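Comments concern the structure below.
Values in this text are rule-based calculations from the coordinates and carry no lab data. What you see is a predicted model; the values in this text were computed from it and never measured. All Cβ positions, even for glycine, are placed from backbone atoms using ideal geometry, and neighbour counts span all protein chains on display.
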Amino acid sequence: MKPIVCVSSEGHDTKIVILSKEKDKIKVKKTFSMIMSGGENFSDPTETHSDSSLKGFESDFSIESIGDSGNKLATVDKSDVSFAANYFGQEELKNADFIPVVTDPVVNHHNFTGHINNNKKKNIEAIITDIAKQKNISIADDSIDYIKIDEQTLHSVFIREDNTSVNFINAWASHNGKKYYKIATVKNSETALAHYVAKSNKFFDEDYTLIINTGHESSKLIFLKGSKLTHIGTSLDIGTKDIHTYDVYFSKILLEMENGGIPRLDNVILCGEDNSENLVLSFYGTFPEANVTELAFEGLDLTGLSDEQKENLSSFAFPIAAGLEYFEEKDKKHQGINFLPKYIQENQKFIQFGWHSLLVLPLLFGATFFFTFEVLENNKTILEQQREITRLKELKIQNELILQEMDGLSSKIENFDRTQTMLDSATAGAEVWGGMLTKVSDFVERRRSFWVTSLETNLDKTVNLKGYALSRNVLTEFVDNSNSSLLNTVTYEPLRDTKTYSYTLEYKINSFGANKNEP
């Protein structure tokens, strides 16, 4: 079970207790108390300061001005929050639930006598109607709760929004960088303490018991008859800081007993800041027949506390009693006063909506569904296109490889065609040259007086033949025989003692053989 942090603020006095349930035992892990420097000035927002009682009380105090802006509580001082936050490690608060423990004037009490229904909602509606009729104020159904006293009586407690303990917890969360700390419920100090005392003590049915919690600025009076709550008195504006004489103290207690119809006191339970011997002796002097004892929290694991903290444990009666009641409720053993107003629930929502936002909520869901569907469809299309792009890229790579192979083959084919052309050309040329040389060779063989010394080819497909002849007639005969020769020069050039002529012939050839000389 999660640990709980109970925060109780009474005026400037703030008390904090961390409780945890370990196995079947409740452990008090830490206690902390301080007087706030910038806390609230608690003033009862009513003209009459009488509290409501369960019986014997005629004039329930008026609370018409609850909710008036003039009675709003001030914000919590940051230095106070920082001082408290430094005492607690964030790790021990990490999984804890917080419980504000409230008393008057944050809460007010009202007794309801009438038909009690088994349906809690109907009982609350009846109590709200009764408060509106008697006190002319309206109460929200989330700000009120009740406990059953007997078959005809319900004791109701209702809360107002300017709650010191809640403000302190929210400021604490903000100081530690949190949006909020989880507030599980809001408990009432007086009813929780009354339940603990009645449960842990055996009183006779006709015994009247006073539980007095003395604070720094004020004191709370709670009266029991037997083991049942019978009256919650008005807070006494007397605390440890201003007790000068107990005479005034006891006169106010006697006045409250008269208002609550309490004839005597058989038991007095002391708790809070003052448990001095002088107070005990003063009670014995005023109520000699009463049994005066200090409140003891038995059965709790106090191993984590110092000796001084153990001795002053009764000063934390309100937050400890509220925490113990909360654990009992978790175990389904008891049902006490619990509040969780809507403004606290809204503050703790991850996303906060107003009523007008709820109207837009279906549109938000519809728009979310539509855009989600569109995004998914588009993602599907994108994936398909990406797969197609990947496929085309692979195909492109394959085609480029094929093109490279084709370029190589085309180059080879082109080279082959060029080679073939060259070979064909060479073959044709060789045939022409062969024919020409054959004719020249035949002529030289027949006429021994004619020979060739050189052959020169020209760009215009002609061949220059140079050589020697023994007579000019041989040259003329060769030209006439070849039909394609042109005798350019004839020069007399004797070789040794022989009469010879050097010549130059221009021999024209084509693919069909030598060209025929035209006249």
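Observations, loosely collected:
- For segment 91-153, the tally of Lys pairs with Cα-Cα distances below 27 Å comes to 11, considering only residues 8 or more apart or on different chains.
- Each of Ser306 and Leu437 was given a label point 7 Å from its Cα along the Cα-to-Cβ line. The distance between the two points is 13.0 nm.
- If R0 equals 41 Å, the separation of the Cβ atoms of Met34 and Arg264 corresponds to a calculated FRET efficiency of about 0.60.
- Gln348/Asn86 FRET efficiency (R0 30 Å; Cβ-Cβ; nearest 0.05): 0.75
- When each of Tyr180, Tyr492 is scored by the number of other beta-carbon atoms lying within 10 Å, the sequence from fewest to most is Tyr492, Tyr180.
- For Leu395 and Leu364, a Förster radius of 45 Å and the Cβ-Cβ distance give a FRET efficiency of 0.45, rounded to the nearest 0.05.
- Fewest neighbouring Cβ atoms within 10 Å first, the residues Val490, Val440, Val463 line up as Val490, Val463, Val440.
- Simple label model, 7 Å out from Cα along Cβ direction - Asp142 to Arg387, nm: 5.1 nm
- Cα centroid separation, segment 216-248 to segment 115-153 (Å): 26 Å
- Residues Ile128, Ile159 arranged by fewest to most Cβ contacts within 10 Å: Ile128, Ile159
- Label point at Lys178 placed 7 Å out along Cα→Cβ; residues across segment 300-339 whose backbone nitrogen lies under 20 Å: 319-320, 322-324, 326-327, 339
- Extension gain for Asn338-Phe416 works out to 17.7 nm (0.36 nm per residue, less the C-alpha to C-alpha distance).
- Prolate/oblate/rounded call for segment 232-290, Cα gyration tensor, a/c under 1.5 rounded: oblate
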